[in-house]
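For reference, the structure is listed below as structure tokens.
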Amino acid sequence: MATFLFGTSGGLYRSDGSLLDHRPVTHLAAGAAGPWGVLEDRDMATWDGERWMPVASLTDHRPRCVLPLDDGALAGAADARLYRVDARLAAPVSSLDQAPTRGDWYTPWGGPPDTRSLSRGPAGTYANVHVGGILRSDDDERWSPTAIDIDADVHQVLVDGDRVLAATAFGLAESPDRGATWAFHADGLHATYCRAVAVAGDAVLVSASRGHAGADAALYRWAGGAFERAREGLPAWFDDNIDTHCLAAEGTLAAAGTRDGRLFVSEDGGWSWTEAASGLPAVRAVCLARLAG
């Protein structure tokens, strides 16, 4: 049975609003053997359908995101670190520390950057550093910067077949050649500050607002040409950004979670939406999982 899970500051929930576990969740990712999660900004675990199964913890650098692999996972962490997670151990991937552009990475508020998102597909494995652009690897060990400008302010990277997509402060970035070149798409957006991206059927979904504070936030569909605003079943404006990892899709199923505790679900690739849950803790991550029952 396919269902959306959403992680919140108050625990893990199904898309019907039922609480599965009370531990705060900061990231979720769908894996072949089941969902992975980052719990309480420290612990990485897999969900077996009934409970979290501990895998590993990071204490020196807080984990921000997890990319499930066939034999473990990659974990992006604070201070722009990367770890290989396997057999209850988290081993640092030191090659990311040695990236030639590392000295240029920053945050607008002056703190250390994060490895904010990870994605993998036929085009390779990609790591998004915020703020530090996007790096690519063929073996999950050696990492090289792609051609996207560091100051594009990338918030999420997503591999879709042979192309790479990114939600940036300047709209949706798209690369057809594994990151060697990038095109930016913003026609039809009311504002270009994009925080999340997902692929739903033949369309790309993005969240957009006027800036990091989330003013006038909305969802859009893009299938080439101009973006189209998603309106049916959604509020006129969201009160805050639909954040990185809070927008997920598989086929024509899509879901978006909000900081004010609502979950919206679409069954037609993002054209129309229904509010599946509300009045819950702040949503921090959404993923589609296959669960029994």
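The values are calculated or read from the model by the stated rules, or taken from the named source; none is laboratory data. Small disclaimer: the values here were computed from a predicted structure and weren't measured. Virtual Cβ from ideal backbone geometry, glycine too; neighbours counted across all protein chains shown. The area values use the complete protein model at the heavy-atom level, side chains included, leaving out ligands, DNA and RNA. Shrake-Rupley method; radii C 1.70, N 1.55, O 1.52, S 1.80 Å.
Residues that are surrounded by fewer than 17 Cβ atoms within 10 Å (Cβ to Cβ), at pLDDT 95 or above and part of a loop (DSSP other than H, G, I, E, B) within segment 19-33 comprise His22, Arg23, listed in sequence order. If the condition is being in contact with an Asp or Glu (Cβ under 6 Å, 6 or more places away or on another chain) and closer than 26 Å to Gly31 by Cβ, then segment 263-293 contributes Phe264, Leu288. Annotation: Phe238 fulfils all but one of (1) at pLDDT 95 or above; (2) within 15 Å of Leu28 (Cβ to Cβ); the unmet one is (2).
Filtering segment 8-48 to residues that are closer than 24 Å to Ala198 by Cα and among the small types (Gly, Ala, Ser) leaves Ser9, Gly11, Ser15, Gly17, Ala29, Ala30, Gly31, Ala32, Ala33, Gly34, Gly37, Ala45. Can you pull out the residues in segment 122-135 that are at pLDDT 95 or above and open to solvent by 10 Å² or more (accessible area, probe 1.4 Å)? Of everything in segment 122-135, just one residue is at pLDDT 95 or above and open to solvent by 10 Å² or more (accessible area, probe 1.4 Å), namely His130.
Within the set Trp36, Trp47, the sole residue that is open to solvent by less than 40 Å² (accessible area, probe 1.4 Å), touching a Cys at 6+ places or on another chain (Cβ under 9 Å) and of a type in the set (Phe, Trp, Tyr) turns out to be Trp36. Do the conditions hold for Leu96, that is, is it in contact (Cβ under 8 Å) with a residue 40 or more places away in the chain, open to solvent by 20 Å² or more (accessible area, probe 1.4 Å) and not in a loop (DSSP other than H, G, I, E, B)? Considered against the rule, which asks whether it is in contact (Cβ under 8 Å) with a residue 40 or more places away in the chain, open to solvent by 20 Å² or more (accessible area, probe 1.4 Å) and not in a loop (DSSP other than H, G, I, E, B), Leu96 comes out as no. The residues of segment 60-90 that are in a loop (DSSP other than H, G, I, E, B) and open to solvent by 20 Å² or more (accessible area, probe 1.4 Å), listed by number, are Asp60, His61, Arg62, Asp70, Asp71, Asp79, Ala87, Arg88.
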